[in-house]
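Worksheet for the structure shown next.
The values are calculated or read from the model by the stated rules, or taken from the named source; none is laboratory data. All values derive from a computational prediction rather than experimental measurement. Every residue, glycine among them, receives a Cβ derived from its backbone with ideal geometry; neighbour counts consider all protein chains shown. Keep in mind that these areas ignore ligands, DNA and RNA; they rest on the heavy atoms of the full protein, side chains included. Shrake-Rupley method; radii C 1.70, N 1.55, O 1.52, S 1.80 Å.
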Amino acid sequence: MIFIVLGSQRFQFNRLLQYIDELVLENKINEKIVAQSGHSDYVPSSYSVTPFFNKDEFTHNIKQADVIITHAGTGAIVTALKNNKKIIAVPRLKKYLEHVDDHQIQIVKNFVEKNYLFEAHNKDTLNEKLLTIQNHQFDKFESNNSDYITIIKEFLING
């Protein structure tokens, strides 16, 4: 199963939903699609979407998915990484009114450099990554939250 995660921010991401729809219609995607569409208003013709899942439904879909296709929000990416999922991240872009700026490009770049996920910017690169993702060996994600907590504790204790 492919789980599409578009986050909860008040921006549409119709472009990604349309890419997936076209790939399904072209028989390039044959897996089951479960999509969390957020505030997007694109209505796919080849799969259904749900604007938002509750926490249990979301967790269930993450665990069931073979591949996560997501916007480049850190929450979605880190959740998928912590569940050892194969991820393709597509950054939201300002020029398509998908976000206020292009910061998601840098977020994706950082995760790609660590070999944690694939990135795609258009339908063709998305299809290319879908064809190769199952055989790609990603590095294991290691959270550095404990490092930040230690730094904050030391600051609070020592001033």
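Structure above, values below:
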{"quantity": "Filter result (under 23 Å from N14 (Cα atoms), without any contact (Cβ under 8 Å) to a residue 40 or more places away in the chain and not β-branched (V, I, T)) within region 94-118", "calculated": "K94, K95, D101, D102, H103, Q104, Q106, K109, F118"}
{"quantity": "Evaluation of L130 against (1) without any contact (Cβ under 8 Å) to a residue 60 or more places away in the chain; (2) surrounded by 14 or more Cβ atoms within 10 Å (Cβ to Cβ) (one fails), failing number", "calculated": "(1)"}
{"quantity": "Hey, E142 open to solvent by 90 Å² or more (accessible area, probe 1.4 Å) and at pLDDT 95 or above or not", "calculated": "no"}
{"quantity": "Positions within region 44-64 being in contact with a helix residue (DSSP H, G or I) (Cβ under 8 Å, 6 or more places away or on another chain) and hydrophobic (A, V, I, L, M, F, W, C), in sequence order", "calculated": "V49, F53, I62"}
{"quantity": "Subset of region 111-127 that is open to solvent by 70 Å² or more (accessible area, probe 1.4 Å) and part of a helix (DSSP H, G or I) - its residue that is modelled with the lowest pLDDT", "calculated": "E113"}
